[in-house]
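Inspection log for the structure reproduced underneath, given as structure tokens.
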Amino acid sequence: MSVQTSAYASDALPGETVDAVVIGGGAAGLNGALMLARSRRSVVVIDSGTPRNAPAKAMHGFIVLDGMPPTKILKRGREQVRQYGGRVVVGEVASAEPAVPSADGDLRFTITLADGRIITARRVLVATGLRDVLPDVPGLAEHWGDSVVHCPYCHGWEVRDEPLGVLATGPASIHHALLFRQLTDDLVYFARGTALDENSRERFAARGIRIVDSPVEEVVKADDGGVAGVRLADGGFMARRVLAVATRMQARTEGLDGLKLPMEDLPDGMGRRFASGMAGTTEVPGVWVAGNATDLTAQVGASAAAGALAASHINALLATAETDAALAAAQSGTTTA
């Protein structure tokens with residue numbers, strides 16, 4: 001699911017080649033841009049304005065910023081990137097691909113936006129985040145980010161002691177249920193046709209987790225706008241105030257096919273991500289990935305840290321490339337910037 005945030009003023013897209021383009025204006029992208037801008041790198045963030053946590057009222061689990069609305073965090077992040085000369089441009093990437101290298105052999109990439117604008121960069125940081133794919137249960141999606149949650153660390157405290165149901169989506173949901181059991185004594189596991197062996201059933205019973213094997217037909221809305229419960233295929237109704245679901249997490253890849261970044265699937269159908277190595281490096285020279293695009297379970301703090309690490313790596317390799325070019329120029333009797 002993708003939710004558009006409020007519009008904000010966009011910087012102009014520069015005409016000259018920049019040191020780095022960051023694709024994605026979430027925690028990973030903005031923190032990466034901040035590190036690059038503070039290193040006096042020319043950096044442009046391309047932000048589609050659809051962060052994963054847009055439906056959430058507050059972000060949790062990150063010291064100092066705990067409880068702050070995601071929109072406020074992103075607004076301050078954009079302001080801080082701009083404070084050091086970085087630019088944040090509102091737009092969607094239509095294509096990104098390698099371009100002809102510079103005369104001294106330095107890498108170049110061309111990024112084209114959906115409205116036709118084009119920018120050239122020496123390096124690219126992909127921080128597009130991910131899209132949560134919900135199970136196809138009528139009435140579920142409209143409560144996403146409120147009465148329907150996915151992360152016990154992000155939202156668990158806020159739903160503690162509520163009558164809670166876990167909608168199973170696969171093997172990972174078993175562990176999911178045990179984590180949410182820590183937060184409430186009233187937990188029902190809706191198996192929804194997924195495998196649940198005898199050992200798991202015994203463990204659930206030991207923890208007081210009730211199991212419902214009848215398929216879930218719909219999520220029923222309460223008079224107050226939240227969740228009232230679920231309607232079952234056998235005609236029954238189970239009252240629940242909160243539903244937890246382990247989504248399939250899909251890295252956002254729109255417009256990035258030209259980079260030919262390798263992808264990989266996570267076990268048990270949990271999702272698909274960009275493959276990466278140390279500091280977000282990829283098999284494509286000059287391209288890094290950070291945040292939920294490659295680490296599907298990373299929370300805001302971890303994503304921001306990953307963006308900073310990737311940016312420091314980008315800056316270090318740019319410095320090496322510039323030194324190599326300067327040395328080659330000095331040895332040939334020419335000059336370089």
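The values are calculated or read from the model by the stated rules, or taken from the named source; none is laboratory data. All values derive from a computational prediction rather than experimental measurement. Cβ: placed from backbone, ideal geometry, glycine included. Neighbour counts: every protein chain shown. With ligands, DNA and RNA removed, areas are computed over all heavy atoms of the protein, side chains included. Shrake-Rupley method; radii C 1.70, N 1.55, O 1.52, S 1.80 Å.
Summary of values
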read-out: Some residue of the stretch 309-328 being β-branched (V, I, T), more than 17 Å from the chain's Cα centre (by Cα), part of a helix (DSSP H, G or I) and surrounded by 20 or more Cβ atoms within 10 Å (Cβ to Cβ); value: yes
read-out: A206 vs. criteria open to solvent by 20 Å² or more (accessible area, probe 1.4 Å) and either farther than 29 Å from Q299 by Cα or among the charged types (D, E, K, R) (or both); value: yes
read-out: Unique match (being crowded, with 18+ Cβ neighbours inside 10 Å and at pLDDT 95 or above) among R240, R248; value: R240
read-out: D136, sole failed condition from (1) over 25 Å from L296 (Cβ atoms); (2) open to solvent by 20 Å² or more (accessible area, probe 1.4 Å); value: (1)
read-out: Output for the stretch 140-198, where each listed residue is more than 26 Å from L266 (Cα to Cα), of a type in the set (D, E, K, R) and more than 23 Å from the chain's Cα centre (by Cα); value: R160, D161, E162, D185, D186
read-out: Any chance I118 is surrounded by fewer than 20 Cβ atoms within 10 Å (Cβ to Cβ) and touching a strand residue (DSSP E or B) at 6+ places or on another chain (Cβ under 8 Å); value: yes
read-out: Residue list for the stretch 139-173, restricted to those being open to solvent by less than 40 Å² (accessible area, probe 1.4 Å), farther than 10 Å from V242 by Cα and among the aliphatic types (A, V, I, L, M); value: L140, L167, A168, A172
read-out: Count - residues of the stretch 277-294 that are in contact with a Pro (Cβ under 9 Å, 6 or more places away or on another chain) and on the phi > 0 side of the Ramachandran plot; value: 1
